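The values are calculated or read from the model by the stated rules, or taken from the named source; none is laboratory data. Everything quoted here is computed from the prediction, not taken from an experiment. Backbone-built Cβ (ideal geometry, glycine too); neighbour counts: all protein chains shown.
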Amino acid sequence: MKCRVCRGPAVIDVRRHNANFCVEHFVRLCRDQTDKAIREWAMIQPGERVLVAVSGGKDSLALWDLLLDLGHDASGLYVGLGIGSYSDASATHARAFAEGRGAELIEVDLPEDYGYDIPDGSRAARRAPCSACGLSKRHVFDQAALDGGFDVLATGHNLDDEAAVLFGNVLRWQEDYLGRQHPVLPARDGFPRKVKPLVRLGERETAAYCVVRGIDYQVEECPMAAGNRHLGYKEAL
């Protein structure tokens with residue numbers, strides 16, 4: 001298997017491009033695809049400050065790494081969800097990356113700062129854990145970006161995530177959601193623009209990117225995500 005660009009030994013086949021790449025040119029592909037998404041949808045303007053929502057997983061850490069390498073002023077935001085050892089391990093990965101890159105990491109802890117964790121919040125609100133988690137994180141993301149004076153909030157949603165959301169909305173005939181699905185949500189009511197720079201990269205590519213870049217990440221799925229429809233849609237696709 002040879003790299004399409006340099007004809008050297010390839011380490012990954014990117015099926016969507018029907019091509020194989022060596023480490024150097026695979027990393028370049030990921031950077032180029034991320035930069036293309038940013039430019040195509042005007043996600044980040046020169047000089048804007050970006051807050052990256054980091055979970056300690058592959059997508060968010062790959063995104064943070066890519067934004068830094070592309071020259072963006074990107075800080076990380078980690079939200080501790082109070083999910084036992086899973087949250088502890090996730091925080092460790094986020095902190096290790098920030099320290100290794102010399103980047104700013106803002107931390108918010110739900111139990112300490114808001115007085116509840118996701119298991120308790122889910123029960124109190126009578127919501128599925130993923131629903132309670134999503135609502136909590138969106139509030140914390142917005143508030144942290146506002147307090148820190150950030151212009152843009154970036155999340156690590158990849159192509160597989162967006163395809164799964166589209167698939168689910170089509171299956172359930174949720175026309176309103178279909179109309180709102182977009183890689184960029186404009187700034188409004190004082191809150192920053194929300195962007196998804198990884199929409200041109202699949203989940204397999206972000207995982208491979210972390211491996212070749214030596215980025216340690218949380219491999220385990222959240223223990224409270226069992227039965228999550230979104231994960232089921234991704235598996236089906």
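Assorted remarks:
- Near pairs, Cβ below 7 angstrom, 6+ apart or cross-chain, from region 105-117 (on the phi < 0 side of the Ramachandran plot and free of Cβ contacts under 8 Å to residues at least 40 places away in the same chain) to any residue that is in a helix (DSSP H, G or I) and among the hydroxyl-bearing types (Ser, Thr, Tyr): LEU110/SER136
- Meets criteria (within 29 Å of ILE44 (Cα to Cα) and surrounded by 15 or more Cβ atoms within 10 Å (Cβ to Cβ)) for ALA128: no
- Where helices (runs of 4 or more DSSP H) fall entirely within region 1-110, those with at least 1 residues that are closer than 17 Å to PHE141 by Cα and at pLDDT 95 or above are at 58-69, 84-101.
- Region 15-65: number of residues that are in contact (Cβ under 8 Å) with a residue 24 or more places away in the chain and either out of contact with any strand residue (DSSP E or B) (no Cβ under 8 Å at 6 or more places or on another chain) or among the charged types (D, E, K, R) (or both): 18
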